[in-house]
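Here's the structure we're looking at; comments come further down.
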Amino acid sequence: MGVSSQAEQAADLGLRPGMVVEVMTPENRLLFVGRVEAVQNGAVSIREAKDDELPMVLCNKELKLRFYREQDNVVLHGKVCGSTMRMWKVDRLKSAFTKEQRAFFRQSISLDITARCARRSHRNGQPRASFPCQVLDVSAGGLLISSQEVYLVGDRLVVSDATLIAGERPFTFDCHVRRAGEWKKGVVRYGCQFETLAPKEQDRLLRAIFTLQREEIRKRKIN
C-alpha cells in the first residue's frame, strides 16, 4: 500500500489528533493507553495518555491499535516506523476483522454491588427491589456480572453505586442482558450492554478504565 493510499485510509476511518487509542500486541496484551498526537502521510503518532515515558520498541514491531471514536471504535494493525521516549509512530495501517471493531477492551475487576431488574421490580411486596451481584469486568460498552438471581436475555438492569476508582463518584449503569451463562456454583454470569450513557459519563468511564489499566500495567512491571 502506497503512502497516498495509507493517508486516504486514515482519513476515511476518521483518525484525528486527540483520539484515545489502546496500543496492544497482536495477541491483545495491552502495552499502554495513549492519545493520537498527529495523523500524517498515513502514519499515526501516539503519546502515552498522561505523557509518561514509553518503553523502548523495535522498528517494524507489529501492533494492534484500537481507536475510540464518538459512537464506536475501530481496530487497525500497523507497524512501528519510529519512536522516541515520548512517542511511537505507526504506519502500514490495515483494518482488522469486523468482530474486533465491535468489541471493546475489557478490564477485569471485582466489585460487589446491587442490580435492579425492571421485569422483577417487586419482591416480597417491596417495590424496586435490588439484588446483590458482582461486577467481573467493565468496558466502554458494558459489564460482565455474576449473580444468584435468574435474569432473562433482554431484561433491563440498573446497576447502581458502582465505584470503580476509590474516592471518585460512583456510576449508575442502565443496561440490558445480552447473554446468560450456565448456572455454576450457585451463580450465573450475565453479559450486559449499556443502553444509554451520556457523553460526559462515557468520558468519565473511559478515564476510570484507563486508570485501572495503568495500575495493572504498573503492577505487571513491578512483578
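The values are calculated or read from the model by the stated rules, or taken from the named source; none is laboratory data. Since the model is a prediction, treat every value here as computed from it, not as a measurement. Using ideal geometry, Cβ is built from the backbone for each residue, glycine included, and neighbour counts are taken over all protein chains shown.
Assorted remarks:
- Within region 143-163, the set of residues being among the small types (G, A, S) and either at pLDDT 90 or above or not assigned by TED's automatic domain parsing to the domain that holds T196 (or both) comprises S146, S147, G154, A162.
- Selection status of G167, at positive phi, at pLDDT 90 or above and either small (G, A, S) or loosely packed, with under 14 Cβ neighbours inside 10 Å (or both): no
- Failed item, numbered, when H122 is tested on (1) loosely packed, with under 15 Cβ neighbours inside 10 Å; (2) touching a Lys or Arg at 6+ places or on another chain (Cβ under 9 Å); (3) at pLDDT 85 or above: (3)
- Looking only at region 14-32, residues that are at pLDDT below 85 and either within 14 Å of D91 (Cβ to Cβ) or surrounded by 17 or more Cβ atoms within 10 Å (Cβ to Cβ) (or both) come to 1 in all.
- Restricting region 76-102 to residues that are β-branched (V, I, T) and either at pLDDT 90 or above or in contact with a Leu (Cβ under 9 Å, 6 or more places away or on another chain) (or both), the residue that is farthest from Q40 (Cα to Cα) is T84.
- Candidates E182, E149, E215, E195 - the one that is of a type in the set (D, E), under 18 Å from T114 (Cα atoms), exposed (fewer than 15 other Cβ atoms within 10 Å of the Cβ) and out of contact with any helix residue (DSSP H, G or I) (no Cβ under 6 Å at 6 or more places or on another chain): E195
- Restricting region 45-75 to residues that are aliphatic (A, V, I, L, M), surrounded by 12 or more Cβ atoms within 10 Å (Cβ to Cβ) and closer than 17 Å to E27 by Cβ, the residue that is modelled with the lowest pLDDT is V75.
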